[in-house]
Amino acid sequence: GNGADALINDCLRAFCEPGTSVLLTRPTYSLLAVAARIHGLGTHVVAMGADGSLAHAFTTTPAPLRVLVNPNTPTGTWIEPEHLATALDGAAGVVVIDEAYCDFAPRSCIPLLADHPQWLVLRTFSKSYSLAGLRVGYAVGSPDLVADLRAVGESYPVDRCAIAGAHAALDDATHHDRIVETVLSERRRLTEQFTARGWQLTPSQANFICAVPPTGTARETAEVLRAAHVLVRCFDDGGRGLLRITIGSPAENDALLAAIA
């Protein structure tokens, strides 16, 4: 697909009738609710636990489609595939697991698909392969579900140059592994440094950390960082807010640490 976002739209078209509702978590990827509204769908939102755990209502609430981002955004929390299989046991309809950040986490849900024919896993080249501008994503699932996606998708969703680039990226495992190892190392370093400075962090298994500054609001801190030419994402949660800080290169992370000092 033309990025995982296009596949999300295909899932909404393939598995939902206008007027029905998609089941989402809170928090989650902000595009999901927007895309649902564009397709004439409602949304039913189930809050996740403070530790990123999945509420039982996410399994039991009736819905033709339920979408889970794992690792989640903007928090970076991750649910082990085996725990997810247990939590989703008995869930009706199609379950879409968006694994955009999965290469920064310990494991994928793809090995479990053979035992869960109602699951679809979405992956992308935009994160761990650093190819966001190429716009290539893919879905993995049972032949029946994939056929449904193809039935509603664009005729030619990915151009030949993008496909060639994606194949080349898959073949260059050494470069990809080096990117992931750098992110994991820098994620550990930033987590230690932010914690030592009194920031509140959610344990992250993505290529970003979610943090609450020790004083002031997240938005105030974001403006201070912007003045130091460091850009972060700010999320209002009804309280002091959250900062989603992407893991950069060692030099970029040094600049970030200098700015928050």
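The values are calculated or read from the model by the stated rules, or taken from the named source; none is laboratory data. Everything numeric here is computed off the predicted structure, so don't read it as measured data. For neighbour counting, all protein chains shown are included, and Cβ atoms are generated from backbone atoms with ideal geometry for every residue, glycine included. Accessible surface is based on the protein model in full, side chains and every heavy atom, while ligands, DNA and RNA are left aside. Shrake-Rupley method; radii C 1.70, N 1.55, O 1.52, S 1.80 Å.
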Among ALA151, ALA91, ALA147, the single one that is closer than 16 Å to PHE15 by Cβ and either assigned to a loop (DSSP other than H, G, I, E, B) or polar (S, T, N, Q) (or both) is ALA91
Could you grab me the full set of residues in the stretch 183-200 that are surrounded by fewer than 17 Cβ atoms within 10 Å (Cβ to Cβ) and not in a loop (DSSP other than H, G, I, E, B)? LEU184, SER185, ARG188, ARG189, GLU192, GLN193, THR195, ALA196, GLN200
Within the stretch 86-141, take every residue that is out of contact with any strand residue (DSSP E or B) (no Cβ under 6 Å at 6 or more places or on another chain) and of a type in the set (Ser, Thr, Tyr) and give me the one that is nearest to VAL69 (Cα to Cα). TYR101
Residues in the stretch 12-27 that are open to solvent by less than 30 Å² (accessible area, probe 1.4 Å) and assigned to a loop (DSSP other than H, G, I, E, B) total 1
With ARG123, ARG107, ARG37 as the choices, which residue is basic (Lys, Arg) and crowded, with 20+ Cβ neighbours inside 10 Å? ARG123
Scan the stretch 251-261 for residues that are open to solvent by 50 Å² or more (accessible area, probe 1.4 Å) and not hydrophobic (A, V, I, L, M, F, W, C) and jot them down. GLU252, ASP254
Considering residues of the stretch 214-250 that are open to solvent by 70 Å² or more (accessible area, probe 1.4 Å) and small (Gly, Ala, Ser) only, the residue farthest from THR73 (Cα to Cα): ALA227
How many residues, within the stretch 135-164, are surrounded by 19 or more Cβ atoms within 10 Å (Cβ to Cβ) and either in contact with a Ser or Thr (Cβ under 6 Å, 6 or more places away or on another chain) or over 22 Å from ILE97 (Cα atoms) (or both)? 1
For VAL95, indicate whether it is touching a Ser or Thr at 6+ places or on another chain (Cβ under 6 Å), within 28 Å of ALA166 (Cβ to Cβ) and buried (at least 19 other Cβ atoms within 10 Å of the Cβ). no
Give VAL158, VAL180, VAL230 a once-over and let me know the one that is among the β-branched types (Val, Ile, Thr), assigned to a loop (DSSP other than H, G, I, E, B) and under 27 Å from TYR138 (Cβ atoms). VAL158
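Under the condition of being under 13 Å from the mean Cα position of the chain (by Cα) and among the hydrophobic types (A, V, I, L, M, F, W, C), which residue from the stretch 25-41 is nearest to VAL95 (Cα to Cα)?
In this case the residue turns out to be LEU32.
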Is it the case, given these coordinates, that VAL180 is farther than 24 Å from THR60 by Cβ, surrounded by fewer than 17 Cβ atoms within 10 Å (Cβ to Cβ) and touching a helix residue (DSSP H, G or I) at 6+ places or on another chain (Cβ under 8 Å)? yes
Mind checking which residues of the stretch 110-144 are among the acidic types (Asp, Glu) and under 22 Å from HIS83 (Cβ atoms)? ASP115
When the residues of the stretch 40-61 are narrowed to those that are assigned to a helix (DSSP H, G or I) and touching a residue at least 24 places away in the same chain (Cβ under 8 Å), which ends up surrounded by the most Cβ atoms within 10 Å (Cβ to Cβ)? PHE58
Complete set of residues in the stretch 202-211 that are touching a helix residue (DSSP H, G or I) at 6+ places or on another chain (Cβ under 9 Å) and crowded, with 18+ Cβ neighbours inside 10 Å: SER204, GLN205, ALA206, ASN207, PHE208, ILE209, ALA211
Just checking, how many residues over the stretch 64-86 are part of a helix (DSSP H, G or I) and farther than 17 Å from PRO111 by Cα? 0
